[in-house]
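Take a look at the structure below.
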Amino acid sequence: MMSRFPARLATALLGAVLLAAPASFTLAAFGPAAYGAEKADPVAASVAYYGQADTFMSSHLAPCGCQFIAWSMVGNHPQLQLYSVSEKGAALLHKADLPPAQFDWLNWVDESHVLVSITVIDDSSPALKFPEHIHRASGPEAGLTRHVYTFDAKGGTLREILQYPLNDLSANGSDDLLSRLPKDKENVILAYAPDGGEYPGVYKLNYLTGKTEQLEKGEKPYQTWTADLGGHIRLASGWGDDHMEVKIRPTADGPWESLSDNPLFKDGRFQIAGFSDDGLNLYLRSSLGKGRSVIYRFDLKSKAIREKVFEHPRYDAGGLITSPDGEKILAATYIDDRPELKIFDPKFQKFYDGLKKKLPGRNFYVGGASKDAGVWLVYASAPTVEPELYFYRAKDDSLTPLLKEKKGTPPVPFVPMKEVHYFSRDGIEIPAYLTLPNGYKKGTPTPMVVMPHGGPWVRDMVRHDDWAQYFASLGIGVLQPNFRGSTGYGTNFEASGYGEWGNAMQNDVADGAAWLVDQGIAMKGHLCIVGASYGGYAALMATIKNKDSFQCAVALAPVTDLREWVDTVSSSKADRKGLMFRTVGRDKNSLLKKASPARLARDVGMPLLLAHGTRDIRVAPEHSLYMEERLHKYHKNFKMLWLEGGSHFLLQAPLRTQFLTEAGRFVLAHIKP
């Protein structure tokens, strides 16, 4: 399955009382140039294109290779769309509306049935608030419910087969499809907690009747379960009070054995990439002792590494691409400036090389293969080419376009994105990506936006980025820095950001602004910082610490109080301690306060646009409510934009339009000469 939530956001109704809060400032607070009448409105023209909802958010090919299913947001609810597919293109067969909810996942479970999972959020859910304002909730009182449906591809109908309450801690995960049970025509293996608790058990679920059978009881501290290719539950892991607890079955029917004392697992520095086809080996990714992530083959009998599957000399290894039956490793993934593959299978190499010739200069993701590997779905894009879904047929080596991500054409042509590097004030080389507007002439400074990514433990790369293209269409350049702490560049680069929220990580972003001016790319006094999630946090911290670097800030769905955030997302004492170390360096609450924008609101020193979705269960809307209250208290120049019904991701067209319109006009008002 290919899913494309915005990378910048990688890391629920508030109720009438909060939504009735007065606007933070009148529009006049930003000056008449911000929202005055203009003969030509470049913002409206650009928003008409970039404010659209994506025509598809993810896609998954049926085992037959003759159909695929996708979903998109229509209004405030997800909608499934089933298409037939052939060399002639895609033809819509059925639509099915789901209730207003957060979409979780979908997966084909046989030739004609798709399993779908969504989360329904009650208006009063504690997940929308700080833990100190309401006790941690589980079960029905959490106001979060997981609904699992079976979609019948033949009739185009939906049937709910499972419903259970969620814990507000695990609302962004909880259930996990572990196996489609290749030899079973009616059942799958699902991990979830029926009582809404923190520790899921493992269940066999009949996706035709909804009948369940418990296979493994949920128990502390295990929160993640893994099955082998045959559907046998073989591994469980979770944070205990002191370290990561891991248990494993060396054989499919053997007893559980602990791996918690193994250095590979004890500190939690591993990710499971899958089991071998014979079930005797585990593929895992670890950075232990290497300085970057490497994929290994781990022998379950001897409990030791037996082979290095893939290592890149500079970048972290990603994951593994396997054959449709999972039995053969085709390639390993990694990212330099673009997604790349290390291919092990000659046939797959030929296929991949052919795609590169057919889609020159594009990033493409291969997935959704038919059962016989004769048909593939391919998602392709480039900075100057809009994302599009294709149908590849091996027998005649043909590639057919299916769906474009957006309708129509942009008002201004897309522009390239290129890799650049600059040095931080303490000498660390920072990779970044630069997008310059049409008509830019070298040596002529232009207004710029610095746009740090979300996460923060992710990274940016050369790709089609809607926000970068949107600002470029307004005549504004964009710099996207992979500040220290970003992933993909090895353990040392990531670890150099540990404990540096609001400090060295923040300096890296500000140093990017200084570099733009030094290079003659940006105009001094004409820079703004824009970010979402962690990027929104960095934008808020810039209003406090980087007043000489930027003239304005836009923050979407930001964390504003680190103590509340750490308490919200930590599952145990050990997990909290580790998160404290990665955030502020020590397990000391006073350090969290010193790096929290809401606690420092007195020092905000530039115009600010603050925005938050009211149904965000990733970063509670109360983060922005608290920031809003503090900004009011100190009479700061800001505007609060509540995106009613919005999640952590801007998926609905009205909310994208609202946010991009406000952000575009706000930035133009403050940095356009």
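Could you give me D for segment 510-661, from Stokes-Einstein at 37 °C and 0.692 mPa s, where the hydrodynamic radius is the Kirkwood radius over C-alpha pairs? Units µm² s⁻¹, please. Value of D from the Cα-based Kirkwood radius: 204 µm²/s. Each of the peptides 58-65, 490-497 was scored by the mean count of other Cβ atoms within 10 Å over its residues; in descending order, highest first, they stand as 58-65, 490-497. Measuring between alpha carbons in the structure, the pairs from 183/204; 183/328; 545/573; 524/547 lying more than 22 angstrom apart are 545/573. Charging the Cβ of each Asp and Glu at -1 and of each Lys and Arg at +1, and nothing else, the dipole of segment 161-283 about its Cα centre rounds to 340 debye. Cross-link reach is defined here as a Cα-Cα straight distance under 17 Å, omitting same-chain residues fewer than 8 places apart; for residue 217 the aspartates and glutamates meeting it are 175, 176, 195, 198, 245, 253, 257. Compute the whole-percent fraction of alpha carbon pairs in segment 282-425 spaced more than 19 Å apart. Tail of P(r) above 19 Å: 62 percent of Cα pairs. With θ taken as phi - 60° and the Karplus curve 6.51 cos²θ - 1.76 cosθ + 1.60 applied, the whole-hertz 3J(HN,Hα) list for segment 274-291 is x, 9, 6, 5, 8, x, 8, 10, 10, 9, 9, 10, 8, 10, 4, x, 10, x Hz, x standing for glycine and proline. For the chain, a crude dipole built from +1 on the beta carbon of Lys and Arg and -1 on the beta carbon of Asp and Glu, taken about the Cα centre, is about 1400 debye to the nearest 20.
Within the same chain, aspartates and glutamates fewer than 8 places from residue 347 are excluded, and of the rest, those with a Cα less than 20 Å from its Cα are 277, 325, 327, 372, 396, 397. The rule of thumb for compact globular proteins, 2.2 N^0.38 Å, goes into the C-alpha radius of gyration of segment 264-362 1.16 times.
With the full set of protein chains in place, find how many percent of the accessible area of the chain is carbon and sulfur; take the probe as 1.4 Å.
With neighbouring chains kept in place, the figure for the chain is 50 percent.
When 526, 421 are compared by accessible surface with a 1.4 Å probe, the order from highest to lowest is 421, 526. Rolling a 1.4 Å probe over the protein heavy atoms gives the chain an accessible area of 39 Å² per residue.
Which of the residue pairs 154/185; 358/404; 154/406; 95/407; 593/636 have a Cα-Cα distance greater than 25 Å in the structure shown? Where the Cα-Cα span goes over 25 Å, the pairs concerned are 154/406. Annotation for segment 641-672 versus segment 603-621: alpha-carbon center distance of 12 Å. Look at where the Cα atoms of segment 48-115 and of segment 402-417 average out, and the two centres are 21 Å apart. Pairs from the list 342/577; 220/290; 442/672 with a Cα-Cα gap above 25 Å: 342/577; 220/290.
Loop-located chymotrypsin sites (Phe, Trp or Tyr not before Pro) across segment 223-322 with a Cβ neighbour count of 14 or fewer within 10 Å are 256, with loop assigned by DSSP.
Working ranking of peptides 606-613, 446-453 by packing, defined as the average number of other Cβ atoms within 10 Å per residue, highest first, is 446-453, 606-613. The candidate values were (i) 45, 28, 22; (ii) 48, 29, 23; (iii) 38, 29, 27; the one computed from these coordinates for semi-axes √(5λ) of the Cα gyration tensor in Å carries the label (iii). When the trypsin sites (Lys or Arg not before Pro) in segment 435-533 are filtered for DSSP coil states and for at most 12 other beta-carbon atoms within 10 Å of their beta-carbon, the remaining sites are 441, 442. Got a sec? Charge dipole of the chain, +1 on Cβ for Lys and Arg, -1 for Asp and Glu; which of 537, 461, 352 is way out at the positive end? Among 537, 461, 352, the one farthest towards the positive end of the dipole of the chain is 461.
The values are calculated or read from the model by the stated rules, or taken from the named source; none is laboratory data. This structure is a prediction, so every number in the text was calculated from the model and none was measured. All Cβ positions, even for glycine, are placed from backbone atoms using ideal geometry, and neighbour counts span all protein chains on display. Note: areas computed on protein heavy atoms with side chains; ligands, DNA, RNA excluded. Shrake-Rupley method; radii C 1.70, N 1.55, O 1.52, S 1.80 Å.
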